[in-house]
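The values are calculated or read from the model by the stated rules, or taken from the named source; none is laboratory data. Please read these numbers as outputs of a predicted model, since none were measured by experiment. All Cβ positions, glycine included, derive from the backbone under ideal geometry; neighbour counts span all protein chains shown. Just so you know, the surface numbers come from the protein's heavy atoms only, side chains and all, with ligands and any DNA or RNA stripped out. Shrake-Rupley method; radii C 1.70, N 1.55, O 1.52, S 1.80 Å.
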Amino acid sequence: MNNFSEKLREFLEKKPLYSWQKFELPEYATQFTNLLQIEMECSVCKRSRPFSDRRARGSAVSNSIPKLQSSIYSFWFKCDTCSSNEYAFFVEVDIKDVKIRKVGQNPSWSINLDKDIDRFLEDDSEYFKKALICESQGYGIAAFSYYRRVLENSIGKILYNLRSLLETQGSSSENIEQIDKALKGIVMDERIKIAKDALPNNLKPNSMNPFAIIYDTLSAGIHRLSEEECLKNSEYIRIALSYLIKTLTQQNEEQKAFIDATKSLNKFNSKST
C-alpha cells in the first residue's frame, strides 16, 4: 500500500463527517478511488476485520481515464470474513483548495464504548456517547463540551485510581500528598495541573503526558476556538482520556491481582516450611 492509500485509508477509518482535511490529491479519479482494503468493526463478526472493495475494475486506455474533479466519490467495502457486513463512504473533493471531507458513511460511527471505559464512567458513559455522536457529525464545539463534562465528572475517580497506583508502586510521599491536594481541590484546571506533574513515567508513552495534553487543550478555552479547532481538540481529549482510564484501570487491577497472588504464595510457603 502506497503512502497516499495509507492516508486515505486512515481518513476513511477514523475521520468524522463534514470535517475538511488538506490532502495531497492524485491527478486521476481512479487513483483516488483505488483503495482496495480498510479495517473496520464488523457487526456480524463482532470484532475488527479487513473489508475489501470487491467491485469490478475494467481496463482503460490511459488518455481516456477521467481526471479527479471537485465532486463526490463513493467507496464500498465488504467484510473479508463473513462477506455480509458492508461499509459505504462518500467523500467530497475540492480540487481548488486541495482538500477532502467525508459527507456520508454507512454504518455510521459506532458509539459502543470499551468495556473498561463504560464500567469506569458508569452514568457518565451517556455523555461520552453523546460526545462521540457529535464528533462523528462534525459538531466540534458540542463534542468538546461533552468530553469536558465527562472529565469534570470523573476527575475525582481518575485521581483516586492514580493515587492507588502511585501508592502501590511506592511513590514518594510528596507525590501522594499532591494527589491528595488535587482530590480536595475544586478548581478543575488546578486539579489536572497537579495530577499531570505527579503522573509516573510508565503512564507517559514516548514521554508524552496524557494529563498534560488534556490540560493544555482545555486551557485553550472553548470560547476562543473555532468549530474545526474544537473538533480536532475533541479527538485529542477523547484519545488521552480513554488512554488514562483504560491504563489506570488495567494497571490497578493487574497490580492488585499480583499482590494478592504474592500474599497467597508467601502464606503457602510459610506453611510449607
What pairs come up if the first residue lies in the range 53-67 and is farther than 30 Å from Asp80 by Cα and part of a loop (DSSP other than H, G, I, E, B), the second is among the basic types (Lys, Arg) and at pLDDT 60 or above, and their beta carbons are under 9 Å apart, counting only those six or more places apart or on different chains?
none
Every residue in the range 1-19 that is at negative phi, surrounded by 15 or more Cβ atoms within 10 Å (Cβ to Cβ) and not in a helix (DSSP H, G or I), please.
Lys15, Pro16, Leu17, Ser19
Please go through the range 254-273 and pick out each residue that is open to solvent by less than 90 Å² (accessible area, probe 1.4 Å) and within 21 Å of Leu199 (Cβ to Cβ).
Gln255
Suppose the filter is without any contact (Cβ under 8 Å) to a residue 60 or more places away in the chain, assigned to a helix (DSSP H, G or I), touching an Asp or Glu at 6+ places or on another chain (Cβ under 9 Å) and surrounded by 18 or more Cβ atoms within 10 Å (Cβ to Cβ); does Asn153 pass it?
no
Hey, among Asn206, Asn175, which residue is open to solvent by 40 Å² or more (accessible area, probe 1.4 Å), touching a helix residue (DSSP H, G or I) at 6+ places or on another chain (Cβ under 6 Å) and not aliphatic (A, V, I, L, M)?
Asn175
Taking Glu122, is it crowded, with 20+ Cβ neighbours inside 10 Å and of a type outside the set (A, V, I, L, M)?
no
Yes or no: the range 61-73 includes at least one residue that is open to solvent by 60 Å² or more (accessible area, probe 1.4 Å), touching an Asp or Glu at 6+ places or on another chain (Cβ under 7 Å) and either of a type in the set (Lys, Arg) or closer than 22 Å to Leu231 by Cα (or both).
yes
From (1) under 22 Å from the mean Cα position of the chain (by Cα); (2) closer than 24 Å to Lys256 by Cα, pick out the condition that doesn't hold for Glu167.
(1)
Report, by residue number, each residue of the range 219-246 that is over 21 Å from Leu113 (Cβ atoms) and touching an Asp or Glu at 6+ places or on another chain (Cβ under 7 Å).
Ser219
If Ser173 satisfies every condition in (1) of a type in the set (Ser, Thr, Tyr); (2) within 23 Å of the chain's Cα centre (by Cα); (3) more than 20 Å from Thr247 (Cα to Cα) but one, which is the exception?
(2)
Being at positive phi and without any contact (Cβ under 8 Å) to a residue 40 or more places away in the chain narrows it down to one of Glu86, Glu126, Glu122, so name that one.
Glu122
Do we have Phe11 as aromatic (Phe, Trp, Tyr), out of contact with any helix residue (DSSP H, G or I) (no Cβ under 7 Å at 6 or more places or on another chain), touching a residue at least 24 places away in the same chain (Cβ under 8 Å) and farther than 26 Å from Ala143 by Cβ here?
no
Kindly indicate whether any position in the range 24-43 is touching a residue at least 60 places away in the same chain (Cβ under 8 Å), closer than 28 Å to Lys96 by Cβ and not aromatic (Phe, Trp, Tyr).
yes
Going residue by residue through the range 106-118, is there one that turns out to be within 27 Å of Ser219 (Cα to Cα), assigned to a helix (DSSP H, G or I) and open to solvent by 80 Å² or more (accessible area, probe 1.4 Å)?
no
So, of the residues in the range 1-51 that are more than 22 Å from the chain's Cα centre (by Cα) and acidic (Asp, Glu), which turns out to be nearest to Ser110 (Cα to Cα)?
Glu24
Among the aromatic types (Phe, Trp, Tyr) and either touching a Leu at 6+ places or on another chain (Cβ under 6 Å) or under 25 Å from Ala257 (Cα atoms) (or both): which single residue out of Tyr160, Tyr147, Tyr127 fits that description?
Tyr160
Has the range 214-227 got any residue that is closer than 18 Å to Asp189 by Cβ, surrounded by fewer than 20 Cβ atoms within 10 Å (Cβ to Cβ), within 19 Å of the chain's Cα centre (by Cα) and at pLDDT 85 or above?
no
